[in-house]
1. What stretch of the chain, leaving out the sites themselves, is the longest with no trypsin sites (Lys or Arg not before Pro) in a DSSP loop having at most 15 other Cβ atoms within 10 Å?
2. So what's the stretch 79-147 giving for Rg/Rh, alpha carbon basis, Kirkwood Rh from the mean inverse pair distance?
3. So how strong a dipole does the chain carry about its Cα centre when Lys and Arg Cβ are +1 and Asp and Glu Cβ are -1, to the nearest 20 debye?
4. Once amide H atoms are placed 1.01 Å from N in the peptide plane, what residues at a sequence separation of 5 or more from Ile35, or on another chain, have their amide H within under 5 Å of its amide H?
5. Would you calculate the separation in nanometres between label points at His115 and Glu49, each defined as 7 Å from the Cα along the Cα-to-beta-carbon direction?
6. When every alpha-carbon pair in the chain is counted, what percent end up more than 31 Å apart?
7. Going by C-beta contacts inside 10 Å, put Met172, Met50 in order with the fewest on the left.
8. Given an 8 Å cut-off on Cα distances and at least 6 residues of separation, report the relative contact order of the chain as a percent.
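What follows is calculated from the coordinates using simple rules that are stated; it is not laboratory data. Quick caveat: nothing in here was measured; it's all calculated off a predicted structure. Note that we place each Cβ from the backbone using ideal geometry, even for glycine, and neighbour counts take in every protein chain shown.
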Amino acid sequence: MSREVIIFHGPPICRTSCPFKTVRNYGVRASRVAITPDRTDSFIERYNEMDKDADIITVFGGINDFQHNVPLGTVEDQDPHSFYGALNTLIKGVVSMYPTQPIIFMTPTKNNFKHPTKRYPTTLQANKLGLFQRDYVQAIVRSCDLYSVAVIDLYTESGISPFLPEYVPKYMPDGMHYSDAGYERLSHRIAGELVRLAY
């Protein structure tokens, strides 16, 4: 296909799996959607640096906001230091940059992360604010619903679960980050949805 797609924090192997002429990935490892005091690379601080000539724009994030205890806020929130506020800011900002192109959000996939030295909450555990990963996923779905933005729900339908031992060694060795085989499988799922939603 001759169309160009921007992947804002997405699977790196999607470049080879997605049926598009060009795929540009603006992902930064461990970046959060919301502005936080310990980093300067949130989605809010970077989205306006993306190229303006893309045909399709996707946004894939939220797991780091959950694991690093970003406050949720409320659906009306406009403060980019909260997750809802950052989503509202990001959606409005991206739409203003790409008013005629399809914009598609993706929810973060489930995690059962086993870090060698630090403790991060898994999908089944609450973070330090008492919030679960599903709360952040629901915030993405709810904010996108408010603005009629399409969502690929990878949290629910990624096709790979870190809670099934048959999948972990091959696809998610540490319970969260994907192997090459995992990225390949996940990116085919994403590519199919992008073709369906963007045409």
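1. Values: sites that count: Lys21, Arg29, Arg39, Lys52, Lys114, Lys118, Arg119, Lys128.
In short, 129-199.
2. On the way: Rg = 14.6 Å, Rh = 13.8 Å.
Expressed as Rg/Rh, it is 1.06.
3. 420
4. So Ile35 has HN proximity to His81.
5. Calculated label separation equals 2.3 nm.
6. Details: 2471 of 19701 pairs.
That fraction is 13 percent.
7. Details: Met172 26, Met50 16.
Ranking Met172, Met50 by Cβ neighbours within 10 Å, fewest first, gives Met50, Met172.
8. Numbers: 371 pairs, mean separation 41.8, N = 199.
Answer for the chain is 21 percent.
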